[in-house]
Amino acid sequence: MPELMIHLENDSRKPLYEQIYDYIRMSIADGKISRGEKLPSTRFLARHLQISRSTVELAYEQLLSEGYIVSQPYKGYYASDISELYLGEEKKEQTKREEQRLSDQKKIEEEYQIVFSPDRNDFEYFPYSTWRKISKEILSVDDPYLLYAGEAAGERALREAVCSYLYHARGVKCRVEQIVVGAGNEYLLILLAQVLGTKKRVAVENPTYLKAYRTLENMQYEMIPLERDASGIKIEEVQKMEPDIVYTMPSHQFPMGTVMPLKRRLELLHWAAEKEGRYIIEDDHDSEFRYKGKPIPSLQGSDTNGNVIYIGTFSKSISPSIRVSYMVLPESLLDAYNATCGFYASTVPKEQQMILASFLNGGYFERYLNKMRGIYRGKHDYFLSLLKKEAWVHKIYGDHAGMHLLVELNGNMTAQEVVAAAKEKGLRIYDLEEYMIPGQKKQIGGYPTLLLGYGALNEAEMEKGIEIIRSILFE
């Protein structure tokens, strides 16, 4: 360290040595002077600050006595490792926040023995060897292409693979140029808000996927909760509230599990086409895992006027950790996208995109998805059979697709009370009201309702969880 930029105040009531001491102490505590970093010699620092050497020596002696620095004979002074000695208040708070963030998942594991989460996957059957093989193939080639900056909308190879998959699996009709790849649905919604502009009114069915709601709300959009019925969004509510945008999940609404019927879909498309500037954001949540009835095509595939913005993700079908989502923009929004977002760097690493493209193109994804459909169907059927035997279950719904069920409760307890009691017994379950739009909470259907995810659970865990709920309601 050649010098220290210490501003000394000669007129201060605090002695000069103490000002030097405070500066170095705080710099070490805040990490600005790293552990093991050499400090300037007393002679050099005195000359640099134009003060007497004895003043610097006095400051160093104080730091030495308190353990902030160490002295090595014939070498000089070095900053100590003070992680156990001292942390500045700001550093303490930063460390606390970071530890909180990193330990959230661990705390859940420690606090709960069984977690009925709707967001967890079963990774026991993930094709690790295939993913490892593809990764090795991609990274073993000395191709400088991987080192170049990627395309803003995502690598073309991945977008082509996604385009083909969406057409065959979901009936989405688009060109590769309409697809934007990003790290998560929330990021894509942020991009979309820049494309669509400000001062928009967005209608959202209630309850809903709150991450999307909060993301759009953070974009300063006016959010309008809509009443819903057994078929989803009520068109008369949409017409009455006159939003610019409707955010919906027509193929499997989260958390209610509703499938929007064809008539309602056509009515919604007709509403969007009636006035220029209206759009529908179709979040194709959990569409890959359907257990009853015929496959439900996307709303986008029925759109002939370019009013639907389609969003999907690989979080459930592959893994949330790969952080790859995709958005299909109408042709009419491409110029606006290129103007407002076309210069952004992609948020998904290029090598990750190339690995995923190979996973899709090689047929591995299709085989894995088909296998997991069978696995989750088995879990779904077994969990449903257990619940149907329980006296505390009033009604089960949302059982056509996805990886969770909604269960109305008999008894005198509220869902919130059941959730709290379950926590004491090491069981994490969810109150449906946790997914209600803030300020709009109310009991749906007149019965307290639990949301129970089963995707990551085995049969023994399902049985144990149901046993705990039974003991709570009938103890």
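Of all residues in segment 198-222, how many are surrounded by fewer than 16 Cβ atoms within 10 Å (Cβ to Cβ) and touching a residue at least 40 places away in the same chain (Cβ under 8 Å)?
1
In segment 306-341, which residues are more than 26 Å from residue 254 (Cα to Cα) and of a type outside the set (Val, Ile, Thr)?
Those that are more than 26 Å from residue 254 (Cα to Cα) and of a type outside the set (Val, Ile, Thr): 331, 332, 333, 334, 335, 336, 337, 338, 339, 341.
Any chance you could count how many residues in segment 17-71 are hydrophobic (A, V, I, L, M, F, W, C), outside any helix (DSSP H, G or I) and touching a residue at least 12 places away in the same chain (Cβ under 8 Å)?
Final tally of qualifying residues: 4.
Starting from residues that are small (Gly, Ala, Ser) and surrounded by fewer than 16 Cβ atoms within 10 Å (Cβ to Cβ), keep the ones in segment 337-366 and report whichever is nearest to residue 134 (Cα to Cα).
Residue satisfying both the conditions and the ranking: 362.
Scan segment 288-304 and give yes if some residue there is free of Cβ contacts under 8 Å to residues at least 40 places away in the same chain and in contact with a strand residue (DSSP E or B) (Cβ under 6 Å, 6 or more places away or on another chain), otherwise no.
no
Taking only segment 125-146 into account, find how many residues are modelled with pLDDT of 90 or more, part of a helix (DSSP H, G or I) and either loosely packed, with under 10 Cβ neighbours inside 10 Å or touching a helix residue (DSSP H, G or I) at 6+ places or on another chain (Cβ under 6 Å) (or both).
Looking only at that region, the number is 5.
Given (1) at negative phi; (2) touching a Pro at 6+ places or on another chain (Cβ under 8 Å), identify the lone condition not met by residue 420.
Going through the list (1) at negative phi; (2) touching a Pro at 6+ places or on another chain (Cβ under 8 Å), residue 420 breaks only (2).
Applying the selection to segment 174-186, what residues are crowded, with 18+ Cβ neighbours inside 10 Å and not β-branched (Val, Ile, Thr)?
174, 178, 182, 184, 185
So, of the residues in segment 434-475 that are of a type in the set (A, V, I, L, M, F, W, C) and in contact with a Pro (Cβ under 9 Å, 6 or more places away or on another chain), which turns out to be modelled with the lowest pLDDT?
Per the criteria, the residue is 444.
Here is a yes/no grid of residues against (1) within 27 Å of residue 273 (Cα to Cα); (2) surrounded by fewer than 22 Cβ atoms within 10 Å (Cβ to Cβ); (3) in contact with a Gly (Cβ under 8 Å, 6 or more places away or on another chain); (4) modelled with pLDDT of 95 or more:
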site: 287; (1), (2), (3), (4): yes, no, yes, no
site: 290; (1), (2), (3), (4): no, yes, no, no
site: 295; (1), (2), (3), (4): yes, yes, no, no
site: 310; (1), (2), (3), (4): yes, no, no, yes
site: 320; (1), (2), (3), (4): no, yes, no, no
site: 329; (1), (2), (3), (4): yes, no, no, yes
site: 332; (1), (2), (3), (4): yes, yes, yes, yes
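Go through (1) among the aliphatic types (A, V, I, L, M); (2) crowded, with 16+ Cβ neighbours inside 10 Å; (3) part of a loop (DSSP other than H, G, I, E, B) for residue 149 and report which single condition fails.
(2)
How many of the residues in segment 168-184 are assigned to a helix (DSSP H, G or I), out of contact with any Asp or Glu (no Cβ under 6 Å at 6 or more places or on another chain) and at pLDDT 95 or above?
Qualifying residue count for the region: 2.
Can you go through 453, 378 and tell me which one is in contact with a His (Cβ under 6 Å, 6 or more places away or on another chain), of a type outside the set (Val, Ile, Thr) and closer than 22 Å to residue 287 by Cα?
Residue meeting the stated conditions: 453.
The values are calculated or read from the model by the stated rules, or taken from the named source; none is laboratory data. Fair warning: this is a prediction, and the values are worked out from it, not measured in the lab. Cβ coordinates were reconstructed from backbone atoms using ideal geometry, including for glycine residues, and neighbour counts include every protein chain displayed.
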